[in-house]
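The values are calculated or read from the model by the stated rules, or taken from the named source; none is laboratory data. These numbers were taken from a predicted model, which means no experiment stands behind them. When we count neighbours, we look across all protein chains shown, and the Cβ atoms used for this are built from the backbone with ideal geometry, even at glycine. Accessible surface areas use protein heavy atoms only, side chains included; no ligands, DNA or RNA. Shrake-Rupley method; radii C 1.70, N 1.55, O 1.52, S 1.80 Å.
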Amino acid sequence: MLQCIFLVSDSGEVMLEKQLTGHRVDRSICAWFWDQAISQGDSFKQQPVIASPTHYLFQVVREGITFLACTQVEMPPLMAIEFLCRVADVLNDYLGGLNEDLIKDNFVIVYELLDEMIDNGFPLTTEPNILQEMIAPPNIVSKVLSVVTGSSSNVSDTLPGATASCVPWRTADPKYANNEIYVDLAEEMDATINRDGFLVKCEIYGEVQVNSHITGLPDLTLSFANPSILDSVRFHPCVRFRPWESNQILSFVPPDGQFKLMSYRVRNLKNTPIYVKPQLTSDGGTCRVSVLVGIKNDPGKTIDAVTVQFQLPSCILSADLTSNHGTVNILSNKTCTWSIGRIPKDKSPSMSGTLVLETGLERLHVFPTFQVGFKIMGVALSGLRIDKLDLKTVPYRFYKGFRALTKAGEFEVRS
């Protein structure tokens, strides 16, 4: 049973406090938590469960915001962590992102969502589609009406349709003129390439995202051509675990609308779609920079939105960088971003220039790490392939569509 939830900014400010039971948790626990985070650094923030002198703390960090839950009683830690992840996902869907300003601007909606998502310390309604029937997402019209009428509540006067359904995540008996379901494989590639150009780590984090608009109570099965490559799978509550455990088949009654059916990882990949070759040579108080980018393993689809970003060391006084393709921008905080876009077929994009070191330094001793971004539509670089999607219970035909997208996650090249 959770007793309190805090939302803490990356500066240590408590943006929101929600007491969940009759036992009040003092806000001083956040001061203790933040003191420990400062003294122990990143290693402390990576601990999902923390024992303080008075409470057990559970933390999930998203976009610089720490979701912190407290309890003094024994409870399954995974339940608390999963609930905090659900809260973060729901707020991200509702607010269109997660940051300090969005949470402060939509303070009332965040409180209303927490009221519906947890009851007396126990998770209650966490399905986004059902919550959207209960609490209207923020928009310009609702904000204007709240100013004019003086009413800030977004809670609906009617119960959601799922209260009359035998499946808690699905609206009771929805009807559509066109029955259709779309399945997207959305993947992110995390890779680390060392200064010698060798691939140290390469893995995929992927999600199977579904958008379902089917009349009645459909019972679906989704199978993959090569499920053996999947690791660390995580399912939506609608998925029946036994068919997956025995035959690697997803059997489920889908929620109505958009939802994440499952997430997965594919580890130990051997290739990346593009290469980035940085070269830095310094002498006499200056540093010569040269960066080459090109296609390493052609995925068969266009590689778009290619970017290379790195932080100039603090000892750099000025930088003069140019490229033969795309644009180079250097911000006041010494962040350099090279926006390439689509890689041309007739030449390899390159960036070169000179960095001026501060007085007294002959050579550069701190070398930057290059963060690479890209996007590839129509291909899943993990190699995962959908075999078939079948509808078992409803006799009519329905349209089904499949798409794939791969983009860079934490893609680092060290120099």
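Shape analysis of region 1-86 places it in the rounded category; the axes a ≥ b ≥ c from the Cα gyration tensor give an a/c below 1.5. Restricting the calculation to Cα atoms, region 274-377 yields a radius of gyration followed by a Dmax of 14.5, 50 Å. Highest GNM mean-square fluctuation among Gly284, Gly206, Gly216, for the chain modelled with Cα contacts below 10 Å: Gly284.
The Stokes-Einstein estimate for region 167-272, based on a Kirkwood radius over Cα pairs and taken at 25 °C with 0.890 mPa s viscosity, is a diffusion coefficient of 157 µm²/s. Shape verdict for region 339-415, please, from the Cα gyration tensor: rounded (a/c under 1.5), prolate (a/b greater than b/c) or oblate. The shape class here is prolate. What the Kirkwood sum gives for the chain is a hydrodynamic radius of 24.7 Å, with every pair of different alpha carbons counted. In the chain, excluding the sites themselves, the longest stretch lacking any of the GluC sites (Glu not before Pro) that are in a DSSP loop with at most 16 other Cβ atoms within 10 Å is 75-357. Distance between the modelled labels on Asn297 and Asn268, one decimal in nanometres: 1.4 nm (7 Å Cα→Cβ projection).
Name the residues of region 335-351 whose amide N is less than 16 Å from a point 7 angstrom out from the Cα of Thr327 along the C-beta direction? Once the point is set 7 Å along Cα→Cβ of Thr327, 336-342 turn out to lie under 16 Å by backbone N, inside region 335-351. A prolate overall shape is assigned to region 312-363, the ratio a/c of its alpha-carbon gyration tensor axes (a ≥ b ≥ c) being 1.5 or greater and a/b exceeding b/c.
Taking only the C-alpha atoms of region 4-149, Rg followed by Dmax gives 15.5, 49 Å.
Full extension of the chain segment joining Glu82 with Arg385 gains 106.3 nm, where the gain is 0.36 nm per residue of separation less the Cα-Cα distance. Each part gets one Cα centre, and for region 344-384 versus region 185-263 those centres are 31 Å apart. Taking 0.36 nm per residue of sequence separation and removing the Cα-Cα distance, the Lys45/Glu13 pair yields an extension gain of 10.0 nm. Working note: 222 nm ellipticity from helices only, DSSP H runs with n ≥ 4, each -39,500 (n - 2.57), summed and divided by the residues of the chain, gives -5500 deg cm²/dmol to the nearest 500. For region 10-91, the set of trypsin sites (Lys or Arg not before Pro) satisfying both a DSSP loop assignment and a count of at most 11 other C-beta atoms within 10 Å is given as Arg24, Arg27. Largest GNM mean-square fluctuation across Leu312, Leu222, Leu361, computed for the chain with C-alpha springs under 10 Å, falls on Leu361.
By accessible area, using a 1.4 Å probe on protein heavy atoms only, the chain has 50% of its surface on carbon and sulfur. The modelled label-to-label distance for the pair Tyr176/Ile38, using points 7 Å beyond Cα in the direction of Cβ, is 5.2 nm.
Loop exposure criterion: chymotrypsin sites (Phe, Trp or Tyr not before Pro), DSSP state outside H, G, I, E and B, at most 13 other Cβ atoms within 10 Å. Applied to the chain, the longest stretch between such sites is 199-395.
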